[in-house]
Amino acid sequence: MITQDFEAVSRRLDQLLLGTGTRIDLGLEKSLGELESRGREGSRRAVVLLTDGRPSEARKPAPSLAALARASDVSLFTVGLGTDADGAFLGALARDSSYAYLPPRGEDLTAIYRRIAVSLPCR
């Protein structure tokens, strides 16, 4: 969902259903599809992937989707929340290692999102 309505984002996050396994590939696929179908022409495109950093057995498509993002000039940031996030995997997905973050606590997210926002000046 591409929006600047932060309340709408918060409501959507509250509606997420929890399950087992982390389908990073589906998150990337959906976000790239949103950028392709609803992104504004000429705008800088970015995906911020927030995850527990423990991909399920369906991890194989994720590197290909990350490569597609890079080839499409999409800045891909990965944020692996928690102490047992797979940092090597998330670092390999990100545009480069400086685009991968591994905060141990949710309280660290605000500072990370601010850093990401500053690194993406508007065009």
Where the accessible area of the chain is counted over protein heavy atoms with a 1.4 Å probe, how much of it, in %, is carbon and sulfur? 54
Treating only Lys and Arg (+1) and Asp and Glu (-1) as charged, each at its beta carbon, one finds that the chain has a dipole about its Cα centre, in Debye to the nearest 20, of 280
Would you mind getting me the FRET efficiency between Leu13 and Ala71? Use the beta-carbon distance for r and R0 = 25 Å, nearest 0.05. 0.30
For Asp5 and Glu36, compute 0.36 nm times the residue count separating them, minus their Cα-Cα distance, and round to one decimal in nm. 9.2 nm
Counting only DSSP loop positions in the range 33-112, the trypsin sites (Lys or Arg not before Pro) whose Cβ has at most 16 other Cβ atoms within 10 Å are Arg40, Arg44, Arg105
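Rg(Cα) of the range 53-107 divided by 2.2 N^0.38 Å?
Dividing the Cα radius of gyration by 2.2 N^0.38 Å gives 1.11.
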Accessible area per residue, Å², the range 13-123 with all protein chains present, probe 1.4 Å: 63
Value of [θ]222 nm, deg cm²/dmol, for the chain, DSSP H segments ≥ 4, -39500 (n - 2.57) each, nearest 500: -13000 deg cm²/dmol
Among Ser119, Ala66, Gly42, the residue whose Cα sits farthest towards the positive end of the charge dipole of the chain (+1 at Cβ of Lys and Arg, -1 at Cβ of Asp and Glu, taken about the Cα centre) is Gly42
In the range 8-116, the GluC sites (Glu not before Pro) that sit in a DSSP loop and have at most 12 other Cβ atoms within 10 Å of their own Cβ are Glu41
Among (1) 9.4; (2) 8.5; (3) 7.7, the entry derived from the coordinates for mean projected area of the Cα convex hull in nm²: (3)
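The values are calculated or read from the model by the stated rules, or taken from the named source; none is laboratory data. None of the values given here were measured: they were computed from a predicted structure. No Cβ is skipped: glycine too gets one built from the backbone with ideal geometry, and neighbour counts run over all protein chains shown. The protein model used for the area step is the full one, side chains on, heavy atoms only, and it has no ligands, DNA or RNA in it. Shrake-Rupley method; radii C 1.70, N 1.55, O 1.52, S 1.80 Å.
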